[in-house]
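**Student:** Structure in structure tokens, see below.
The values are calculated or read from the model by the stated rules, or taken from the named source; none is laboratory data. This one's a predicted model, so the numbers in the text were calculated from it and none came from an experiment. Here the Cβ positions follow ideal geometry from the backbone for every residue, glycine too, while neighbour counts run over all protein chains shown. Accessible surface areas use protein heavy atoms only, side chains included; no ligands, DNA or RNA. Shrake-Rupley method; radii C 1.70, N 1.55, O 1.52, S 1.80 Å.
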Amino acid sequence: MNKPIRRLALFSLALFGVLLLNVTWIQAVQAQWLQDHEFNRRGAAEQFRVPRGPILVANEQIAYSELIEGSTQYQRFYPAGDLYSHPVGVFNPFGPYGVERAENSFLDGSDNRLLVRNFLDTLTGSEQKGATVALTLNPDAQQAGLEAIKNNSPSGKGAAVALDPSTGAILAAVSIPNYDPAAVSDMSDTTKSVETWDSLNSNENKPLLNRAFNELYPPGSTFKVVTAAAALENGETIDSTIDAPETLEMPNGGPALPNAFGSACNGGAPDSIAHSLERSCNTSMANWALKLGGTAMTEQAQAFGFDSGLPGVPVPVEDSHYPPPTDDNDLARSGIGQGSVQATPLQMAMVAGGIANGGQVMKPYMVSEVLGPDAAEIASTSPEVYSQAVSSSTANQLTEAMILVTEGAEGSGTGGQIPGIQVAGKTGTAEVSGAQTHNWFISFAPADDPQVAVAVVIENGGGSGGTLAAPVAKAIMEAVINE
Amino acid sequence: MSEGLTTALPPVKRRNAELVMLLLAIGITMFAMISAGLAYTGELPPSLFMYAVPFAGMALLAHVFIRFFAPYADPLLLPLATLLNGLGIAMLWRILDAPQLVPEFASEGATESSMTQLMLTAGSMVVFAGIVFFLKEPRTLQRYPYLIGLAAVVLLLLPLLPGLGFSVNGARQWINLGFTSLQPSEFAKIALVIFLAGYMVTKRDVLALVSKPIKIGPIKVLELPRMRDMAPMAAMWGFCIIVLVILMNDLGTSLLLFGTFLAMIYVATQRSSWIILGLTAFFGACALLYPFVPHFRVRMITWLDAFNPDVYCSDAVMASADEAFCKVSGTSQQLVGGLFAMGEGGILGAGLGGGEVRGIIEVQNDFIFTAFGEELGLTGVMVMLMALALLAQRGMRIALASRELFVKMFASGISFLIAFQTFVVIGGVTRVIPMTGATIPFVAKGGSALLSSWIMLALLVRMSNNARKPAPVAIQDEGATQVISR
């Protein structure tokens with residue numbers, strides 16, 4: 001009977017062998033993956049015992065931590081209320097969102113670049129502190145944008161982004177509906193904070209979504225700027241003309257494409273690119289897309305940043321899409337920003353910013369610098385060229401045409417005018433099947449020396465870009481210029 | 001049994017070696033408590049002596065007892081059991097008692113204390129001593145195999161009685177005795193091993209030799225037992241599947257009992273056809289039952305697909321209104337939470353008291369292993385696994401060294417039970433196999449589990465003593481009378 005006992009002994013040893021191999025796998029190999037897993041909420045409690053560094057906007061602390069009396073935990077404060085809830089986010093047990101998450105390793109002091117300092121702190125017995133993160137946001141522009149969009153959005157939904165065209169610095173990033181970070185990070189009543197978070201999380205209007213960076217909309221007529229850019233880059237001038245009838249028969253059949261204003265764009269004659277942009281002519285721009293072809297259109301869209309990725313904002317940004325058109329109908333629709341074209345407000349601000357900056361798109365960024373606890377600079381962002389989207393001559397011609405949008409006799413975006421300052425803009429009203437239209441406005445000002453480029457979308461506004469979105473853009477631009 | 005001679009152990013006592021290792025085991029336990037106390041309050045635990053003195057005293061008493069009543073017992077058994085039991089108490093103290101010392105972590109109305117576990121250990125050790133003392137010859141148990149088999153069945157069925165039995169976490173394996181509650185399956189498994197050992201010793205020739213070859217053409221593929229010899233296998237299978245899985249939802253006990261049964265029939269007959277037959281029947285039944293036993297299906301899905309957001313219930317799934325798997329059936333949060341704890345521990349661990357083990361669901365029971373993983377790290381759980389492996393291997397060695405068939409069967413059955421039970425629990429929480437719910441021998445909280453562990457240890461101690469003690473020497477002065485060993 002000893003042979004089967006020996007085998008049984010070996011088998012039970014093998015069982016332990018399997019367990020030993022498996023725990024080795026989990027704790028030695030898989031450990032890092034497990035620690036970084038998105039479901040992993042461990043360490044959450046520990047995070048509240050770290051004196052987290054503040055976040056600055058224009059040298060004001062808009063988020064800071066203070067020790068709770070009689071406890072080892074810290075309470076995060078957001079003195080500006082809901083103003084910065086997008087894009088800064090909130091630091092709470094569900095994980096920090098926005099800048100709070102993206103810059104977490106600096107804010108909680110765990111970043112390698114703080115290692116030496118932390119080590120010295122340990123030696124001297126002083127408390128380890130997180131770093132300070134300074135943002136590029138302009139408080140006046142952010143405030144003006146939030147107020148204006150709240151007043152102008154009938155649906156209560158929408159977003160706006162403002163950039164400094166010459167650097168790519170994000171000056172304002174507004175998204176509504178938003179929320180009060182204090183209500184979801186109150187350590188004195190965590191149950192209520194959790195309940196509030198849960199109700200926000202399940203709210204059908206998605207108040208936790210930063211629409212400025214992470215929601216995709218059909219850009220509608222604002223995309224005509226990209227179509228016009230493609231034409232100019234392919235040998236046309238702003239005065240080149242193309243057929244601009246009242247309605248355009250689709251190449252592969254189906255419902256004809258009409259103009260929004262219900263007539264031909266140039267009295268039935270071929271229309272110039274400049275005039276087509278001014279009036280926002282659908283048929284001529286669809287014809288341009290058909291003439292240029294899918295490849296030229298795709299290349300131009302990608303040159304502005306579509307489908308190209310935007311790391312280091314540092315908040316995650318959804319990729320905008322210009323998928324290669326599947327057929328001519330799709331190509332025609334893509335020329336006016338419909339079909340399968342989708343863009344974030346940030347992407348359309350980059351389009352405006354690229355034209356404002358002589359054709360050079362700057363890489364958008366929101367963190368200007370990171371300061372150590374002793375105010376020494378640890379990291380800073382210097383402006384980087386993202387792409388040369390168009391030549392400077394193309395940019396100049398497009399600027400002239402976009403000025404007509406706000407100032408021309410037939411301009412569709414006169415709501416974006418600022419007294420005494422030339423504004424270049426483009427309206428957009430994107431059709432959405434089964435819902436109200438999205439209303440867009442992209443612009444930059446002053447046209448001869450741009451300081452700010454803006455994109456505004458009013459989600460399901462049901463009006464026009466000129467009436468709903470342009471005033472928001474105007475408010476933001478004024479706030480930046482009148483500083 | 002000519003081969004028995006070659007496997008016999010030398011008749012040495014090794015009691016001093018046992019004492020040294022026992023002191024080491026007690027020392028490790030005390031250091032564990034001190035380390036946890038220091039991590040929480042920065043000072044020695046105020047109740048250290050309340051634990052150290054009784055625990056060390058009990059273990060040393062058990063040692064002295066063995067010195068007198070089982071002097072030839074294997075010297076590793078008691079220290080290994082003491083180490084595992086002590087680490088269990090230290091971890092429970094760290095989970096249940098240490099946080100109460102710090103106002104910030106204290107939870108109001110917390111009544112559970114590891115002191116209960118210490119007292120249960122004391123009680124278990126008394127039973128341990130009683131068995132070692134009274135059961136001078138384990139082979140006497142061979143006399144009543146059917147009675148003991150009946151007892152095993154009754155114990156297993158007790159939780160099904162209305163009014164007496166109740167369910168914990170879905171599995172109906174508890175009975176309420178008014179003053180305390182018991183998990184009779186913990187004792188039934190030992191009774192079952194006794195029954196199987198006795199039964200198979202008498203029936204092994206029939207089970208081993210009579211066979212019906214299955215041929216494909218002229219080639220013999222498999223030798224199957226005759227139909228009527230399959231009755232015990234069929235009964236065991238039916239019991240494990242119908243009663244334990246379907247009626248009681250007790251997957252862990254079912255797997256444990258059937259595995260032990262297969263191991264013992266293999267030891268008795270040395271025929272692999274029994275194992276093939278048994279595994280086919282068991283897994284076949286599992287596959288058939290899969291669509292009909294929801295509890296079983298949940299365990300399978302949470303095992304295979306643990307990191308799927310729909311199974312785990314991620315924030316996004318929780319926020320959405322759809323009928324995700326986890327909202328309807330059950331989540332893998334417990335399993336994944338345990339893995340996160342182990343991942344956090346890494347190789348060296350966070351140190352006792354340094355982790356967040358109180359967040360693990362069921363941390364005092366099945367998932368105590370993941371708490372060790374987090375706080376003692378890979379190093380610590382390897383030590384624990386080696387201690388358990390060593391315990392099972394020493395048991396197997398006793399089976400090899402024993403001279404009687406019944407004792408060989410009995411010792412190997414008990415040893416395999418220890419090994420397989422460890423595999424089922426720890427394999428379950430570390431995602432080697434589906435989670436079934438069972439307890440790590442000696443470590444996990446609970447009186448029934450602890451008591452049954454110490455009963456198994458008592459049996460091994462007694463059997464090892466008898467296997468090693470020197471054969472009686474004839475006293476030549478008294479003429480031809482031979483002394484018979486009792």
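**Student:** In peptide B:379-392, what is the residue-averaged number of other protein chain Cβ atoms found within 10 Å of each Cβ?
**Tutor:** Average neighbour count from other chains, rounded to a whole number: 3.
**Student:** Report the net charge of residues surrounding residue A:213, where surrounding means a beta-carbon distance below 12 angstrom and charges are Lys +1, Arg +1, Asp -1, Glu -1.
**Tutor:** Around residue A:213, the charge tally is -2.
**Student:** Quick one: dipole size for chain B, taken about the Cα centre, charges +1 on Lys/Arg Cβ and -1 on Asp/Glu Cβ, in debye to the nearest 20.
**Tutor:** Charge dipole, chain B, about its Cα centre: 2260 debye, nearest 20.
**Student:** Also: List the cysteines of the protein assembly as shown that have no other Cys Cβ closer than 4.7 Å: which are they?
**Tutor:** Result for the protein assembly as shown is B:240, B:286, no neighbouring Cys Cβ within the cutoff.
**Student:** Apply the a/c threshold of 1.5 to the C-alpha gyration tensor of chain B and tell me whether it is rounded, prolate or oblate.
**Tutor:** oblate
**Student:** If you don't mind, there's one more thing I want to ask. Output the peptides B:115-122, A:342-349 sorted from most to least packed, where packing is the average of other Cβ atoms within 10 Å over each peptide's residues.
**Tutor:** Packing proxy ranking, top to bottom: A:342-349, B:115-122.
**Student:** Still on this structure, I have one more. How large is the accessible surface per residue of the range B:1-133, computed with a 1.4 Å probe and reported in Å² as a whole number?
**Tutor:** It amounts to 45 Å² per residue over the range B:1-133.
**Student:** Then there is this: Could you work out the mean count of beta carbons from other protein chains within 10 Å of each residue's beta carbon in B:258-271?
**Tutor:** Mean number of neighbouring Cβ atoms from other chains: 2.
**Student:** Follow-up. Mind checking which of A:475, A:134, A:16 is farthest towards the positive end of chain A's charge dipole, using Cβ charges of +1 (Lys, Arg) and -1 (Asp, Glu) about the Cα centre?
**Tutor:** It is A:16, whose Cα lies furthest towards the positive end.
**Student:** I'd like the orientation of helix A:2-24 relative to chain A: the angle between its Cα long axis and the longest Cα principal axis, in ° from 0 to 90, rounded to 10.
**Tutor:** Taking Cα atoms only, the helix is inclined about 50 degrees.
**Student:** Please give the total accessible area that chains A and B bury against each other, computed with a 1.4 Å probe and expressed in Å² to the nearest 100.
**Tutor:** Rounded to the nearest hundred, the buried surface is 4300 Å².
**Student:** Turning to a different aspect of this structure: Within the accessible area of the range A:310-419, what % is carbon and sulfur when the probe is 1.4 Å and the other protein chains stay in place?
**Tutor:** 47 percent
**Student:** Here is a further query. Do the alpha carbons of any pairs in B:189/B:445; B:189/B:220; A:129/A:474; A:150/A:224 sit beyond 29 Å of each other, and which pairs?
**Tutor:** B:189/B:220; A:129/A:474, as the Cα separations exceed 29 Å there.
**Student:** In whole Å, how far is the Cα centre of the range B:439-461 from that of the range A:308-380?
**Tutor:** After rounding, the separation between the Cα centres reads 64 Å.
**Student:** Given the C-alpha centroids of the range A:411-479 and the range A:129-169, what is the distance between them in whole angstrom?
**Tutor:** Comparing the Cα centres of the range A:411-479 and the range A:129-169, I get a distance of 15 Å.
**Student:** With every protein chain kept in place and ligands, DNA and RNA left out, what is the accessible area per residue of the range B:162-267? Probe 1.4 Å, answer in Å².
**Tutor:** Each residue of the range B:162-267 exposes 44 Å² on average to a 1.4 Å probe.
**Student:** When you look at the Cβ of every residue in B:354-367, what mean number of other chain Cβ atoms sits within 10 Å?
**Tutor:** 1
**Student:** Using a 10 Å cut-off on Cβ atoms, rank the peptides A:353-362, B:252-261 from the highest mean neighbour count down.
**Tutor:** A:353-362, B:252-261
**Student:** Going highest first, how would you order A:189-200, A:50-61, A:449-460, B:343-354 by mean Cβ packing within 10 Å?
**Tutor:** Ranking the peptides A:189-200, A:50-61, A:449-460, B:343-354 by packing returns A:449-460, B:343-354, A:50-61, A:189-200.
**Student:** Let me check I've understood the local charge: for residue B:290, count other residues with C-beta under 13 angstrom from its C-beta, Lys and Arg +1, Asp and Glu -1. What total comes out?
**Tutor:** Charge balance near residue B:290 sits at +2.
**Student:** Continuing with the same structure: Assign unit charges at the C-beta atoms only (+1 for Lys and Arg, -1 for Asp and Glu), then state the dipole size of chain A relative to its Cα centre in Debye, rounded to the nearest 20.
**Tutor:** For chain A, the charge dipole is close to 1820 debye.
**Student:** Identify, among B:306, B:286, B:357, the residue whose Cα sits farthest towards the positive end of the charge dipole of chain B, taking +1 on the Cβ of Lys and Arg and -1 on the Cβ of Asp and Glu, with the dipole about the Cα centre.
**Tutor:** In chain B, that residue is B:286.
**Student:** So, with a 1.4 angstrom probe, what is the percent of accessible area on the range B:139-292 that is carbon and sulfur?
**Tutor:** 71 percent
**Student:** Using the Cα gyration tensor of the range B:139-292, with a ≥ b ≥ c the square roots of its eigenvalues, what is the shape: rounded (a/c below 1.5), prolate (a/b larger than b/c) or oblate (neither)?
**Tutor:** It comes out oblate by the Cα gyration axes.
**Student:** A 24 angstrom limit on the alpha carbon distance is what I want to check against. Which of A:3/B:215; B:136/B:408; B:203/B:469; B:13/B:136; B:408/B:469 exceed it?
**Tutor:** Long pairs (Cα-Cα over 24 Å): A:3/B:215; B:203/B:469.
**Student:** The range B:368-421 to the range A:184-242: how many Å between their Cα centroids?
**Tutor:** A separation of 60 Å, based on Cα centres.
**Student:** Next question. Let's see if you can work this out: charge +1 on each Lys and Arg Cβ, -1 on each Asp and Glu Cβ, no other charges. What is the dipole magnitude of the range B:139-292 about its Cα centre, in debye to the nearest 20?
**Tutor:** Computed about the Cα centre, the dipole is about 520 debye.
**Student:** Once both axes come from the Cα atoms, what is the angle between helix A:282-292 and the longest principal axis of chain A, in degrees from 0 to 90, rounded to 10?
**Tutor:** 70 degrees
**Student:** Moving on to the next point. Rounding to the nearest 10 and keeping the result within 0 to 90°, find how far the Cα-based axis of helix A:392-407 lies from the longest principal axis of chain A.
**Tutor:** 70 degrees
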